[in-house]
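A short reminder: the numbers here are calculations on the coordinates, not readings from a lab. Just so you know, these numbers come straight off a predicted model, no measurement behind them. Neighbour counts are summed over all protein chains in view; Cβ atoms, including those assigned to glycine, are modelled from backbone coordinates with ideal geometry.
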Amino acid sequence: MNYTQSKDQLLSLIREGGKLDTISQVRLAALLSFPSMLAQMVHILMQYIDASMVGSLGASASASIGLVSTTIWLFGSLCSAASVGFYVQVAHRIGACDFAGARQVLRQSFLACILFALVLCCIGVGISSYLPHWLGGGEDICRDASLYFMFFSLCLPFSMLNSLCAGMLRCSGNMHIPSLLNMGMCLLDVVFNWLLIFPTRTYQWSMVNSQWSISIPGAGLGVTGAVLGTAFAYAICSGLMCYFTVVRSKELSLRQDSGTFIPQLDTLRESIRIALPIAVEHVILCGAQIVSTLIVAPLGTVAIAANSFGITVEALCYMPGYGISDAATTLVGQSLGAGRRFLARSFGRITLSMGIGMMTLMAVVMYTTSPALMTLMTPDVDVQRLTVEILRIEAFAEPMFAASIVCYGIFVGARDTLIPCTMNLSSIWVVRIVLAYFLASTMGLRGVWIAMAVELCFRGIIFLIRFRGDGWLKKFSQK
């Protein structure tokens, strides 16, 4: 039996009330998690290559991207939050075998989400020339940072479409198509970056009695080329993701019936109820990240660049956790949609164990390989040394970070978003920001990352405490 048949057969047992023993549950969680984890890992690998391309231009180029990275994260996460509000509803309807209802939600989600993305696009372009100065950037990096953020904002509609369709496919149980397409997007990003960041260059090599050379065309756009490469990759991937969702998906293909694309009040109200706490969380959370940037910015260009590289490299650890979290949302959402609360909790325990185990392993890998990784990513020795130090501080917090990531995916699948969002915000503002403010003055960037590690451990503990109770399960019954 191939991957698709095995996965579809096990998912049908959830919807049809069939028996799933522990081995079958673990197998299904693995079948859904591994494609998403693989895509996340490839995405991180491409980010490393991307960062090393920009890093080869010097510390200022890396710092210009790092300066606006938190605001980029805010706008991207708002798009993600909007899509969550719709695709969680689709997971519940599929779990209840209401496939026509799932397609109605899908239709209505397109117009609402794209309009929201266009509003964010206009806001981003409008503030792009001012943002680097607001964040305390020096004149040597503000121009590149401004252009980077402007072009990122222009590609937000494609980012929204990609997030929405990928989420819809995952919640229908199709993890491999979003994973493959996102891997393809990362590869396209590297190719486009190679052509757009660097100028035309010629490579030569000698063989016996002959000399060969090849000329690689390039636009030489530097930092701007990096964001344009990402934008082009998003545009291609989002179009393909939409095709596989609305045409090829067995559960979601819109060719099976007809309906309105105008969001209906009930669908929109439920979407807002699910997404609004997440969106508010991202806004306030990004405020905390921006405050962190303001704390780091006075520490100098080396600290800004090291902080940016540290965030990129740390993703080696936590992106597998997000892949497992995606699977947890699907499994818990479909189980609760089918009225099987015990199965939802069981899947929660299994995905939590997988997430903590995987991220602990990746933390060990990061701790041991960070010096070699940084040698590849930037030629600046001072940036290399500082980044390795902060990554080794963070490695000890990864198991509890995994707990918070996977628990969050579990709670989202149960429509429980308000309290987890509040927990995230309280942890970051009360623990991380306060500690970072006091430690940065005496320990520099190392103090900022010590504060982050302490906060991640605290956050993981409180999420595990909530998972042990029944409050998150009761949220679904209140619908």
### 347, 151 arranged by Cβ crowding within 10 Å, fewest neighbours leading
151, 347
### Message
So if I place +1 on the C-beta of Lys and Arg and -1 on the C-beta of Asp and Glu, and nothing else carries charge, what would the dipole magnitude of region 65-212 be about its Cα centre? I want it in debye, nearest 20.
### Response
440 debye
### Task
Give the peptides 75-82, 59-66 in descending order of average Cβ contacts within 10 Å, highest first.
59-66, 75-82
### Summary
Looks like region 266-367, by Cα gyration tensor root eigenvalues a ≥ b ≥ c and the a/c under 1.5 rounded cutoff (else prolate when a/b is bigger than b/c, oblate otherwise), is oblate
### Message
From the phi angles alone, apply the Karplus equation (6.51, -1.76, 1.60; θ = phi - 60°) to region 165-181 and give each ³J(HN,Hα) in whole Hz, x where the residue is Gly or Pro.
### Response
5, 5, x, 4, 5, 4, 6, 7, x, 8, 8, 6, 5, x, 5, 5, 5
### Query
In whole Hz, what ³J(HN,Hα) sequence does region 189-204 give by Karplus (6.51, -1.76, 1.60; θ = phi - 60°), x for Gly and Pro?
4, 5, 4, 4, 4, 4, 7, 9, 6, 9, x, 4, 9, 10, 10, 10
### Query
Suppose every K and R has +1 on its Cβ and every D and E has -1 on its Cβ; what is the size of the dipole of region 3-477 about the Cα centre, in Debye to the nearest 20?
1360 debye
### Viscosity 1.306 mPa s, 10 °C: Kirkwood-radius Stokes-Einstein D of region 308-450 over Cα pairs, µm²/s
96 µm²/s
## Note on the structure
The residues 375, 293, sorted from fewest to most surrounding Cβ atoms within 10 Å, come out as 375, 293
### Query
Taking the Cβ of residue 439 as the center, what net charge do the other residues with Cβ under 15 Å away carry, scoring Lys and Arg +1 and Asp and Glu -1?
-1
### Query
How large is ³J(HN,Hα), in whole Hz, for each residue of region 428-442 in order, when computed from phi with the Karplus curve 6.51 cos²θ - 1.76 cosθ + 1.60 and θ = phi - 60°, using x for Gly and Pro?
5, 6, 7, 9, 5, 5, 4, 5, 4, 4, 7, 7, 4, 5, 10
### Query
Distance from the Cα centre of region 279-321 to that of region 404-479, in angstrom?
16 Å
### Query
Against the longest alpha carbon principal axis of the chain, how many degrees, from 0 to 90 and to the nearest 10, is the axis of helix 398-413 turned?
40 degrees
#### Entry: 222 nm mean residue ellipticity, helices alone, for the chain (DSSP H n ≥ 4; -39,500 (n - 2.57); rounded to 500)
-27500 deg cm²/dmol
### Task
Grab the eigenvalues of the alpha-carbon gyration tensor for region 59-218, scale each by 5, take roots, and send me the semi-axes largest first in whole angstrom.
38, 26, 11
### Query
What percentages, rounded to whole numbers, describe P(r) for the chain computed over all alpha carbon pairs with 20 Å bin width beginning at zero?
24, 57, 18, 1
### Query
What is the chain's relative contact order, in percent, from Cα pairs under 8 angstrom and six or more apart in sequence?
22 percent
### Query
What list do you get for 165, 407 if you sort them by fewest beta carbons within 10 Å?
407, 165
